[in-house]
1. With a Förster radius of 22 Å, plug the Cβ-Cβ distance of I2 and L32 into 1/(1 + (r/R0)^6) and report the FRET value to the nearest 0.05.
2. Suppose every K and R has +1 on its Cβ and every D and E has -1 on its Cβ; what is the size of the dipole of the chain about the Cα centre, in Debye to the nearest 20?
3. Per-residue ellipticity at 222 nm for the chain, helices alone: DSSP H runs ≥ 4 residues times -39500 (n - 2.57), over residue total, nearest 500 deg cm²/dmol?
4. So what's Rg/Rh here for the chain, counting alpha carbon atoms and using the Kirkwood radius for Rh?
5. Subtract the Cα-Cα distance of A23 and H11 from 0.36 nm times their separation in residues, and report this length gain in nm to one decimal.
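Each reported figure results from applying straightforward, stated rules to the coordinates on display, with no laboratory input. Bear in mind that the values here come from a model prediction, so they are computed numbers and not experimental data. Here the Cβ is made from the backbone with ideal geometry for all residues, glycine too, and neighbour counts use every protein chain on show.
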Amino acid sequence: VIERMINKLKHFRRIATRFEKNAINFQAMIYLAACHLWLR
């Protein structure tokens, strides 16, 4: 389950390329992407 979720998160370009340099912003992007996947 965890590996599938990580694989799906890697499809988000901002997460895959580590666009966010600040750790807090990066974590927030992961939360937003996870919510997006969960609501989908």
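1. Values: r = 18 Å, r/R0 = 0.84.
For I2 and L32, the calculated efficiency is 0.75.
2. Numbers: 8 positive and 2 negative charges, 30 e Å.
In debye, rounded to 20, the chain gives about 140.
3. Numbers: 3 runs with 29 residues, N = 40.
That comes out to -21000 deg cm²/dmol.
4. On the way: Rg = 9.8 Å, Rh = 10.2 Å.
Checking Rg against Rh, the ratio lands at 0.96.
5. On the way: separation 12, 0.36 × 12 = 4.32 nm, distance 1.92 nm.
2.4 nm is the gain from fully extending A23 to H11.
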